[in-house]
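The values are calculated or read from the model by the stated rules, or taken from the named source; none is laboratory data. Note that the structure is predicted; figures quoted are calculated from it, not measured. Positions of Cβ are generated from backbone atoms using ideal geometry, with glycine treated the same way; all protein chains shown enter the neighbour counts.
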Amino acid sequence: MPPRDPRDRCRLYLITPPVIDDLTAFAATLEEALDGGDVACLQLRLKEAEDETIRRVADELVPLAQARDVAVLMNDRPDLALLTGCDGVHVGQEDTPLAEARRIVGADRVVGVTCHASRHLAMDAGENGADYVAFGAFFPTDTKQAKTRADIDLLRWWAEAMVVPVVAIGGITPDNARPLIEAGTDFLAVSSGVWAWPEGPKAAVARLNAMMDEFSPEREQING
């Protein structure tokens, strides 16, 4: 990912459900979601799945997403990211270290890092070549057991002071995303807030994009 530019519009970062029971049905759901509007990337997050299952999911979803100009990131596993043709990897603090992940996937693929609610972890990741840092959780989430709660002021500070792109994650839905967009996040990472949205994934993506359009710097300059 290129260095952040405050003139850039916030974009959507989708995360798969933790379990995909029916791959064919989910592929159709993903296509429906992508029809709802701009999506920057899709993270394959199947932490409890066997490698064979992850590869099977990747074989189906990676080409589908990339054909729509959506980058695909593998959660935790730089080796599987490379093997399955993903565009990069997302690692947590207890996963493969940043330097090792970079060595495995190479310089041309994305490496993003979970930084919880820590300025120190984020600055360290940025200084050591992370393509983005992720703060969270901003809201309660059922998708994973969040270790920390991040404050929107942390997001605002990073967006104003740093050039490395920032991702907001954790319990984000179309109903609560607005303050994060206003704070200047580069990406909104959303999982159940899209897949379990009552009106459907396509409607959730459309609504999130409408908010992003509303607060895009270019629009504000025009209106100003």
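Summary table
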| read-out | value |
| --- | --- |
| Qualifying residue in the range 169-181 (condition: among the hydrophobic types (A, V, I, L, M, F, W, C), in a loop (DSSP other than H, G, I, E, B), farther than 19 Å from Leu42 by Cα and out of contact with any Pro (no Cβ under 9 Å at 6 or more places or on another chain)) | no |
| Filter pass, Arg77 being among the charged types (D, E, K, R), surrounded by fewer than 19 Cβ atoms within 10 Å (Cβ to Cβ) and at negative phi | no |
| Breaking point among (1) assigned to a helix (DSSP H, G or I); (2) in contact with a Gly (Cβ under 9 Å, 6 or more places away or on another chain); (3) crowded, with 18+ Cβ neighbours inside 10 Å; (4) aliphatic (A, V, I, L, M), for Leu82 | (3) |
| Test: residue in the range 104-112 that is closer than 19 Å to Gly193 by Cα and either under 16 Å from the mean Cα position of the chain (by Cα) or free of Cβ contacts under 8 Å to residues at least 24 places away in the same chain (or both) | no |
| Filter result (of a type outside the set (Val, Ile, Thr) and closer than 17 Å to Ala206 by Cα) within the range 170-179 | Pro174, Asp175, Asn176, Ala177, Arg178 |
| Matching residues, the range 24-46, being part of a loop (DSSP other than H, G, I, E, B) and either in contact (Cβ under 8 Å) with a residue 40 or more places away in the chain or of a type in the set (S, T, N, Q) (or both) | Asp35, Gly36, Gly37, Asp38, Val39, Ala40, Arg45 |
| Matching residues in the range 85-98 - criterion: being in contact (Cβ under 8 Å) with a residue 40 or more places away in the chain and either out of contact with any helix residue (DSSP H, G or I) (no Cβ under 7 Å at 6 or more places or on another chain) or outside any strand (DSSP E or B) (or both) | Cys86, Asp87, His90 |
| Selection count, the range 200-224, where residues are modelled with pLDDT of 95 or more and over 16 Å from Asp186 (Cβ atoms) | 9 |
| Count of residues meeting criterion [farther than 23 Å from Glu32 by Cβ and out of contact with any helix residue (DSSP H, G or I) (no Cβ under 6 Å at 6 or more places or on another chain)] in the range 179-213 | 3 |
| Some residue of the range 136-146 being in contact (Cβ under 8 Å) with a residue 24 or more places away in the chain and assigned to a helix (DSSP H, G or I) | no |
| Any hit, the range 139-160, residues being closer than 21 Å to Met74 by Cβ, at pLDDT 95 or above and of a type outside the set (Lys, Arg) | no |
| Residue in the range 38-45 that is modelled with pLDDT under 95, under 21 Å from Ala177 (Cα atoms) and surrounded by 14 or more Cβ atoms within 10 Å (Cβ to Cβ) present | no |
| Residue that is more than 30 Å from Ser216 (Cβ to Cβ), aliphatic (A, V, I, L, M) and not in a strand (DSSP E or B), where the choices are Ala130, Ala101, Ala117 | Ala101 |
